[in-house]
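A.B. asks: Let me begin by handing over the structure; questions about it come next.
The values are calculated or read from the model by the stated rules, or taken from the named source; none is laboratory data. All values reported here derive from a predicted model rather than from experimental measurement. Because the Cβ atoms are built from the backbone with ideal geometry, glycine has one as well, and the counts that use them run over all protein chains shown.
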Amino acid sequence: MSDSHAAQDTRGGTGERAAILARVREALTVPTSIHVQRDRHLAYAEHANHAEESDAVGGLLPPVGASLQSRIDRFQERSESLRSNFLTAECTSTAAGVLGRIATDSGWKRVAVHNAPLLDQIAPHLPCDRLQIGENYDREALEQCDAGITVCDALIAQTGSVLLTATSAGGRALSVLPPHHVVIATAAQLLPDLPSAFALLASTYGKSWPSFATIITGPSRTGDIERILVLGAHGPKQLTVILINQNQEQ
């Protein structure tokens with residue numbers, strides 16, 4: 001390599017390093033409020049006074065009304081913006097009919113379900129084959145299923161999210177591997193905000209946390225490639241939530 005080429009390469013390398021360092025410096029200017037918000041959320045599971053914690057995050061995320069209908073409306077609004085499907089049903093029979101229509105319209109051949117009382121009332125009515133997820137199951141068969149159907153720990157109206165764990169959702173893989181994740185929940189599980197969700201986890205599991213806990217906010221997505229939104233990049237491409245509202249007080 002000639003001296004002129006070597007000098008060119010050195011200058012180019014220096015320019016690239018300078019560009020990378022400039023991006024790092026820019027990234028380090030992230031507002032501290034994001035870190036404060038994260039630290040507060042971690043603290044929610046360690047404190048009992050939920051009312052004071054909710055007040056502490058006022059303004060960081062949009063408030064949710066006290067009524068059930070307010071929570072439903074907010075969850076619906078967030079689902080639309082996240083490209084999730086949110087449907088309601090009056091009872092388990094109606095929910096079975098709703099899910100059956102989705103299965104028929106989507107051309108599902110086989111779905112995966114886990115053991116849960118709510119699913120035991122709904123899954124047998126599906127017009128397709130079922131893979132029952134238990135202690136021992138065929139992972140490759142799960143990957144070939146058209147949908148994974150689970151229950152959850154809770155829904156979060158404030159963010160349109162699903163809160164679930166390995167305990168509530170039949171393990172770690174069922175909600176992740178199939179391309180369509182369907183969540184069945186009841187109105188009693190629709191919580192107003194994130195502090196409520198963290199308080200629920202703390203009260204439910206105490207010191208015996210499951211091996212997997214997650215908050216799912218919309219279908220899996222990424223915008224890493226040229227800032228173009230791509231759904232289904234790291235998990236299910238579709239998320240459907242069916243809320244069973246058994247004529248509870250609004």
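A.B. asks: Does the range 60-73 contain any residue that is at pLDDT 75 or above, touching an Asp or Glu at 6+ places or on another chain (Cβ under 7 Å), assigned to a loop (DSSP other than H, G, I, E, B) and surrounded by 13 or more Cβ atoms within 10 Å (Cβ to Cβ)?
C.D. replies: Checked against the condition, which is being at pLDDT 75 or above, touching an Asp or Glu at 6+ places or on another chain (Cβ under 7 Å), assigned to a loop (DSSP other than H, G, I, E, B) and surrounded by 13 or more Cβ atoms within 10 Å (Cβ to Cβ), the range 60-73 yields at least one hit.
A.B. asks: Would you check which residues across the range 201-222 are of a type in the set (Ser, Thr, Tyr) and assigned to a helix (DSSP H, G or I) and list them?
C.D. replies: Scanning the range 201-222 gives 203, 204, 205.
A.B. asks: Only one of these is touching a helix residue (DSSP H, G or I) at 6+ places or on another chain (Cβ under 8 Å), under 26 Å from residue 103 (Cβ atoms) and crowded, with 22+ Cβ neighbours inside 10 Å: 162, 113, 183. Name it. Before you say what the answer is, go through the steps one by one.
C.D. replies: On the way: 162 fails: touching a helix residue (DSSP H, G or I) at 6+ places or on another chain (Cβ under 8 Å); 183 fails: touching a helix residue (DSSP H, G or I) at 6+ places or on another chain (Cβ under 8 Å).
Every option except 113 fails the conditions.
A.B. asks: I need a count of the residues in the range 129-145 that are in contact with a strand residue (DSSP E or B) (Cβ under 6 Å, 6 or more places away or on another chain) and either in a loop (DSSP other than H, G, I, E, B) or farther than 30 Å from residue 198 by Cβ (or both).
C.D. replies: 5
A.B. asks: I would also like to ask the following. Of all residues in the range 100-125, how many are over 15 Å from residue 183 (Cβ atoms) and not in a helix (DSSP H, G or I)?
C.D. replies: 5
A.B. asks: Sticking with this one: What number of residues within the range 160-200 are over 15 Å from residue 241 (Cα atoms) and part of a strand (DSSP E or B)?
C.D. replies: 1
A.B. asks: Of all the residues that make up the range 163-184, how many are closer than 18 Å to residue 209 by Cβ and under 10 Å from the mean Cα position of the chain (by Cα)?
C.D. replies: Adding up the residues that qualify gives 3.
A.B. asks: A further question on this structure: Give the range 74-91 a look and list any residue that's assigned to a helix (DSSP H, G or I) and either crowded, with 19+ Cβ neighbours inside 10 Å or of a type in the set (Lys, Arg) (or both), or say none.
C.D. replies: Matches in the range 74-91: 74, 75, 78, 79.
A.B. asks: Let me ask something else. When residue 233 is evaluated against the numbered criteria (1) surrounded by fewer than 17 Cβ atoms within 10 Å (Cβ to Cβ); (2) at pLDDT 95 or above; (3) of a type in the set (Gly, Ala, Ser), which criterion, by number, is the only one it fails?
C.D. replies: Going through the list (1) surrounded by fewer than 17 Cβ atoms within 10 Å (Cβ to Cβ); (2) at pLDDT 95 or above; (3) of a type in the set (Gly, Ala, Ser), residue 233 breaks only (2).
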